[in-house]
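These notes concern the structure reproduced below.
The values are calculated or read from the model by the stated rules, or taken from the named source; none is laboratory data. All values reported here derive from a predicted model rather than from experimental measurement. We place every Cβ from the backbone using ideal geometry, glycine too, and count neighbours over all the protein chains shown. Accessible surface areas use protein heavy atoms only, side chains included; no ligands, DNA or RNA. Shrake-Rupley method; radii C 1.70, N 1.55, O 1.52, S 1.80 Å.
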Amino acid sequence: MLDSKQRITIKGTRDGLTLLIDDSCSFEEAVNELREKIAESRPNKEEPIVSVTVQLGNRYLNNVQKEHLRYLISEENRFTIHSFESNVVHKDEALAWREESEIKSVNKIVRSGQILNVTGDLLLIGDVNPGGKVISTGNIYILGNLRGIAHAGREGDRNAIIAASYMKPSQLRIADYISRAPDYEADGVYMECGLVDEKQDKIIIDRIQVLPHLRKDLSGFERRMHNG
C-alpha cells in the first residue's frame, strides 16, 4: 500500500508562505517531499522572491539540517527562509532563555565606584549610593534608595522599567534613552518608577501604581517569583 500521508503543507499568507513540516516523519522523508513541492510551486523568475516561515511543530533541527533546508529553499528557487518556528528548543537555548527571564535577587549596597551588572531582571534589596551603578538587560526593582545610576533594558528593551522605594538618581537609562536627574523636590520622591514614553520619546517618572496600566506584561514578575 502506498503511503499517502502528507508530510509537507504549504499555506499562503500576506507575508509570503508558511511551510508546515509534519513532526512525526523522519527528516529525510520531509526533505524528499519538500523537494517535490518546491518543484511544483516554484515562482517565475520575473516574480519577487517569496519569504517562507518554516513551522516545525514538536521537531528540533540542528544547524546542519537548517542549512540543508536553506539550500533547498534557496533564492535560485525564488524562495528564502524568513524564520524557523518550533515548539522544541535546545537545552542551551532554554538555559539562556531562563537566564534572560529570571529575576536576580541581590542584597547589598552599591557604593560609589561599584557596578552591579546582571542578565535578566534585577531585584536589589539595598541602596544605590551616589557614584554607584546598576545595570540589567531587563527591569530594575530597588527596595531602597536610588541615588546613583540605573540602566535597564541594556540590550535594547525599551519596555523595561526602573522602580525604587526612594528615587533621586543621578541618571536613568532605559535601552538607548538617557535621562539626567530631574528637578525633584529636595527630599526626592517615594515609590516611583521610570519608563520610556514612546509618545514623548523620552524617559518619564511616574507613580508605581501606573505600571499595571502601562506595562501589563510586568505581571510576569509575580509568576517568576513563584516559579523561582
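The table that follows gives values for the structure above.
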item	result
Cα-based reach from Lys202 at 18 Å (exclusive), listing lysines while leaving out same-chain residues under 8 positions away	Lys168
Of Lys11/Lys216; Lys133/Lys216; Lys108/Lys216, those spanning more than 31 Å from alpha-carbon to alpha-carbon	Lys11/Lys216
Accessible area of region 8-88 belonging to carbon and sulfur atoms, whole % at 1.4 Å probe	45 percent
Where labels lie 7 Å past Cα in the beta-carbon direction, separation of Ile125 and Glu29 in nm	5.4 nm
Segment Lys66-Gln200, length gained on full extension (0.36 nm per residue, minus Cα span)	44.0 nm
Arg215-Val106 pseudo-label distance in nm [points 7 Å out on the Cα-to-Cβ vector]	1.7 nm
